[in-house]
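Notes to accompany the following structure.
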Amino acid sequence: MSKRLSPFILAAGALLMPLAQVAHSFSSDRQDSSMQASTTYLYLLRKTPFFTRLTTAQLREVIAHSREWEVKPGTAIAASGDAARSVWILLDGGWQVEAGGKVYPALHDQPGKWYGRDAVYAAAQPSRLVVSQHSYVMQMTQTDFERLLAQGLDFQTHLAQGEQYYAEILRGK
């Protein structure tokens, strides 16, 4: 008697294979597992300062266009020279921007709770973003982030605070 796989199992396998390939390609870059994919829960995201002004539908859009990572302390997750140009948002924990031989720590409720966009990538002074304590971070492509802004998601207060913060530490203004 031959064993046959159900169409459901075959379909599930076909859907999961691309996800496994993406996860493997990312994890092979980080052999030490300093970053692990994590699940974004709507009820927790709603309480994160960067997202408190969003509706449930908008939070779902954010989740659909982002990736959440659990990150170990000491992990460098981005730098001003990164070609990918992601926008990073600190969901929980702490990180620091390192620039000009100085360290600028931030928590999830402070102006430095996001990193990216032109505030970082167009700054004259190079910088890098390093997680300083066990943290959860969200990564969005800059294209997706800008699309969400164009759809009216209210990040303006947080972006303005961050723009001023980065102007001070990366441009000396």
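The values are calculated or read from the model by the stated rules, or taken from the named source; none is laboratory data. Quick caveat: nothing in here was measured; it's all calculated off a predicted structure. Quick reminder, even Gly has a Cβ in these numbers, built from the backbone with ideal geometry, and neighbours come from all protein chains shown. The protein model used for the area step is the full one, side chains on, heavy atoms only, and it has no ligands, DNA or RNA in it. Shrake-Rupley method; radii C 1.70, N 1.55, O 1.52, S 1.80 Å.
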Scan segment 73-103 for residues that are surrounded by 18 or more Cβ atoms within 10 Å (Cβ to Cβ) and within 25 Å of GLU146 (Cβ to Cβ) and jot them down.
ILE77, ALA78, SER80, SER86, VAL87, TRP88, ILE89, LEU90, LEU91, TRP95, VAL97, ALA99
Collect the residues in segment 80-97 that are within 16 Å of TYR166 (Cα to Cα) and without any contact (Cβ under 8 Å) to a residue 40 or more places away in the chain, keeping them in residue-number order.
GLN96
Identify the residue in segment 46-67 that is closer than 19 Å to VAL131 by Cα and buried (at least 19 other Cβ atoms within 10 Å of the Cβ) and, among all such residues, is nearest to the chain's Cα centre (by Cα).
SER66
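Within segment 130-154, take every residue that is of a type in the set (S, T, N, Q) and open to solvent by 50 Å² or more (accessible area, probe 1.4 Å) and give me the one that is nearest to TRP88 (Cα to Cα).
Among those that are of a type in the set (S, T, N, Q) and open to solvent by 50 Å² or more (accessible area, probe 1.4 Å), it is THR141.
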By my count, strands (runs of 3 or more DSSP E) wholly in segment 60-130 with at least 3 residues that are of a type outside the set (Gly, Ala, Ser), at pLDDT 95 or above and in contact with a strand residue (DSSP E or B) (Cβ under 7 Å, 6 or more places away or on another chain) are 67-71, 86-99, 102-107
Would it be correct to say that ALA167 is free of Cβ contacts under 8 Å to residues at least 12 places away in the same chain and either farther than 21 Å from ALA76 by Cβ or surrounded by fewer than 14 Cβ atoms within 10 Å (Cβ to Cβ) (or both)?
no
